[in-house]
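Peer 1: Quick one: structure below, then a few questions.
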Amino acid sequence: MADPQTEAPRKATMKIQEVRTIVTCPGRNFVLLKIITDEGVYGVGDGTLNGRELAVAKALEEHIAPLLIGRDPDQIEDTWQYLFRGTYWRGGPVLNSALAAVDLALWDIKGKRAGMPLYSLLGGKTRNGAVCYTHAHGESFEEVTDRAREFIDRGFKVVRCQSAIPGIANTYGTGKASGPHGESLPLVETWEPTPYLKTVPRLFEHLRNELGDEVELFHDVHERLTPIQAAQLAKALEPHRLIFLEDPLRPEHKESFRVIRQHSTTPIGMGELFTNKWECLPLITEQLIDYIRCDLAHIGGITEAKKIATVAECYHVQTAWHGPPDIAPITHAANVHLDLAIPNFGVQEWIEHPPEVAEVIPGGPTFEDGYLTVSDAPGLGCDINEDAAKKYPYQRGYLPTTRRADGAVHDW
Ligand code: EZ4
Ligand code: CO
């Protein structure tokens, strides 16, 4: 334990000597962390927060790194509590992404010291691979179907499907999303619920007719509906047997999910905008969702995720950790280590990064026949090539924003 007065380690075993924040843009921005110990062992972490990357980087460099120097890297829980509660203010997405970067790097160090992959430290494998899904999107139903078919041919057993909405410019999930913009302002998307609620059930009717019954399909609402609209959609989608309907409502008002449950048996997934376990709690304990899908990079890492998974297990809720391309392969690896170890894993989101990402961050999960696995290397199995990272400097980028047809701001 740390000394109560000074926070210095009582018995110096191994100490954190250097904390290095690395911001790089191999196609998209990543905020990476390297925690280096006095014995030369180091761990790697990821705290990428899409569109607000430098806020996390500054928090790590200016506020968090000085607190870590000299600490014992072995005491992950103590360090987690010290950083989370030590701010007094708690953390939202910025601070909890920074905390995630630290947490992942410390688990990586622990694994390397133990000579064990993270899944072993978490209790060992309960499965051989993590079934995963990717995104099929397009302007037309045919285009979405063709993309989905390509993924099914590659072995995917689960596919997320998003199509453009007739009469609406720039719909979420149809491929025009984020990425570095240089100096330009965010892309503006449009949102109108009526055409959306008409189109999505038709899309899934089309997909089931074309793709058959075997593949698991689902759709990401991206928190844009009102409770009763979400209930209507969930009910209308019942004949098409979605594995779950993703993130139907804004994250702020958890009671809203009861409205969906009162009307539909379509399973519900929620969580990529949550930043801590308490936000997940009412949805899990009241059994208002079927899949909890937090982002390890935004909730403070593995330490928080394994607690959420354990509570979820008690209430028949499975995990579907967020796995978008905007988090680094280090977080994807952490997802899969946890997926392999916990009993209530459900499905894992995974988007293939372009090759320059693996050049900077080698060692992410590997895909085979619909399943993800990780290497047996100690720790997370990932590394950061700092020379390669320097070739890809940060470029400012924003997520799109959304407005209604009358010009009013809406959730993206
Ligand atoms: O839009 O991570 O389920 N996946 C998603 C993502 C999010 C991005 C935002 O940065 O909703 O694609
Ligand atoms: Co989503």
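Peer 1: Would you pull out the residues with amide H under 5 Å of residue 15's amide H, same chain only if 5 or more places away, H placed 1.01 Å from N?
Peer 2: Close amide H contacts, sequence-distant or interchain: 38, 39.
Peer 1: Now, a different point. Which loop-located chymotrypsin sites (Phe, Trp or Tyr not before Pro) does the stretch 88-129 contain, where loop means any DSSP state but H, G, I, E or B and the Cβ has at most 12 other Cβ atoms within 10 Å?
Peer 2: Counting only loop positions with at most 12 other Cβ atoms within 10 Å, the chymotrypsin sites (Phe, Trp or Tyr not before Pro) in the stretch 88-129 are 88, 89.
Peer 1: In addition: Give the percent of DSSP beta bridges with both residues in the chain that are antiparallel, rounded to the nearest 5.
Peer 2: 45 percent
Peer 1: If I require 15 Å or longer along the helix axis, counting alpha carbons, and a Kyte-Doolittle average no lower than -0.5, what helices from the chain are left? Use full DSSP H segments.
Peer 2: Both cut-offs are met by 93-114, 302-314, 329-341.
Peer 1: Using only the Cα atoms of the stretch 140-272, build the gyration tensor, take square roots of its eigenvalues as a ≥ b ≥ c, and label the shape rounded, prolate or oblate: rounded if a/c is under 1.5, else prolate if a/b is larger than b/c, else oblate.
Peer 2: oblate
Peer 1: If amide hydrogens are placed 1.01 Å from N in the peptide plane, which non-local residues have theirs closer than 5 Å to the one on residue 379?
Peer 2: 111, 112, 116, 118
Peer 1: Between residue 408 and residue 385, what is the spin-label point distance in nm, taking each point 7 Å from the Cα along the Cα→C-beta axis?
Peer 2: 5.1 nm
Peer 1: Ordering 409, 347, 19 from largest to smallest accessible area (1.4 angstrom probe), what's the sequence?
Peer 2: 409, 19, 347
Peer 1: Excluding same-chain residues fewer than 8 positions from residue 58, which aspartates and glutamates have a Cα within less than 15 Å of its Cα?
Peer 2: 46
Peer 1: How much net charge surrounds residue 143 when only other residues with a Cβ under 13 Å from its Cβ are counted (Lys, Arg +1; Asp, Glu -1)?
Peer 2: -3
Peer 1: Working out 0.36 nm times the residue gap between residue 235 and residue 314, then minus their Cα-Cα distance, what length gain in nm do you get to one decimal?
Peer 2: 25.8 nm
Peer 1: Per 0.36 nm of contour for each residue apart, how much would the distance between residue 15 and residue 168 grow if the chain were fully extended, relative to their Cα-Cα spacing?
Peer 2: Contour length minus Cα-Cα distance gives 49.5 nm.
Peer 1: Quantify how much of the Cα-Cα distance distribution of the stretch 195-234 extends past 16 Å, in percent.
Peer 2: 39 percent
Peer 1: Taking K and R as +1 and D and E as -1, what net charge do the other residues with C-beta under 12 Å from the C-beta of residue 358 add up to?
Peer 2: -4
Peer 1: Take the chain, connect every pair of alpha-carbon atoms lying under 10 Å apart with a spring to form a Gaussian network, then pick out the residue of 236, 309, 57 with the largest mean-square fluctuation.
Peer 2: Of 236, 309, 57, the Gaussian network model singles out 236 as fluctuating most.
Peer 1: Which net charge results when you count Lys and Arg as +1 and Asp and Glu as -1 among the other residues whose beta-carbon is under 13 Å from that of residue 116?
Peer 2: +2
Peer 1: Enumerate the lysines that residue 277 could reach by cross-link, defined here as Cα to Cα under 17 Å, with residues fewer than 8 away along the same chain left out.
Peer 2: 254, 306, 307
Peer 1: Let me ask something else about it. Could you list which residues have their amide H under 5 Å from that of residue 241, counting only those 5 or more apart in sequence or on another chain, with H placed in the peptide plane?
Peer 2: Correct list: empty.
Peer 1: Taking all protein chains together and a probe of 1.4 Å, list 290, 376 from the most accessible to the least accessible.
Peer 2: From most exposed to least exposed: 376, 290.
Peer 1: Report, ordered by chain and residue number, the aspartates and glutamates lying within cross-link reach of residue 235, taken as a straight Cα distance under 16 Å and ignoring same-chain residues fewer than 8 apart.
Peer 2: Partners within reach: 205, 220, 246, 247, 290.
Peer 1: Given the convex hull of the Cα atoms of the stretch 16-115, what is a quarter of its surface area in nm²?
Peer 2: Across all orientations, the stretch 16-115 yields a mean hull projection of 6.1 nm².
Peer 1: Restricting to DSSP H runs of at least four residues, report the calculated mean residue ellipticity at 222 nm for the chain, -39500 (n - 2.57) per run over all residues, nearest 500 deg cm²/dmol.
Peer 2: Here the helix-only value at 222 nm equals -10000 deg cm²/dmol.
Peer 1: Still on this structure: Using a Gaussian network model on the chain with a 10 Å cutoff between Cα atoms, which of 196, 82, 371 fluctuates the most?
Peer 2: Taking springs between Cα atoms under 10 Å, the residue moving most is 82.
Peer 1: What ³J(HN,Hα) values, in whole Hz, does the Karplus curve 6.51 cos²θ - 1.76 cosθ + 1.60 give for the stretch 263-269 when θ = phi - 60°, with x put for Gly and Pro?
Peer 2: Using θ = phi - 60°, the values come out as 10, 8, 9, 5, x, 10, x Hz.
Peer 1: Pop out the carbon and sulfur fraction of the accessible area of the stretch 120-377 as a percent, whole number, probe 1.4 Å.
Peer 2: Of the solvent-accessible surface of the stretch 120-377, carbon and sulfur hold 51 percent.
Peer 1: Quick check: Cα centre of the stretch 249-279 to Cα centre of the stretch 78-150, how many Å?
Peer 2: First find each Cα centre; the distance between them is then 20 Å.
Peer 1: Just need the relative contact order of the stretch 120-377 here, percent rounded to a whole number, with Cα pairs under 8 Å and 6+ apart.
Peer 2: Relative contact order of the stretch 120-377: 20 percent.
Peer 1: Can you compute the equivalent ellipsoid semi-axes for the chain, i.e. the square root of 5 times each eigenvalue of the Cα gyration tensor, sorted largest first and rounded to whole Å?
Peer 2: That gives 36, 22, 21 Å for the three semi-axes.
Peer 1: Given a 1.4 Å probe and heavy atoms of the protein chains only, how would you sort 113, 127, largest accessible area at the top?
Peer 2: The most accessible residue leads, giving 113, 127.
The values are calculated or read from the model by the stated rules, or taken from the named source; none is laboratory data. This one's a predicted model, so the numbers in the text were calculated from it and none came from an experiment. We place every Cβ from the backbone using ideal geometry, glycine too, and count neighbours over all the protein chains shown. Note: accessible area is taken over every heavy atom of the protein model, side chains too, but ligands, DNA and RNA are not part of it. Shrake-Rupley method; radii C 1.70, N 1.55, O 1.52, S 1.80 Å.
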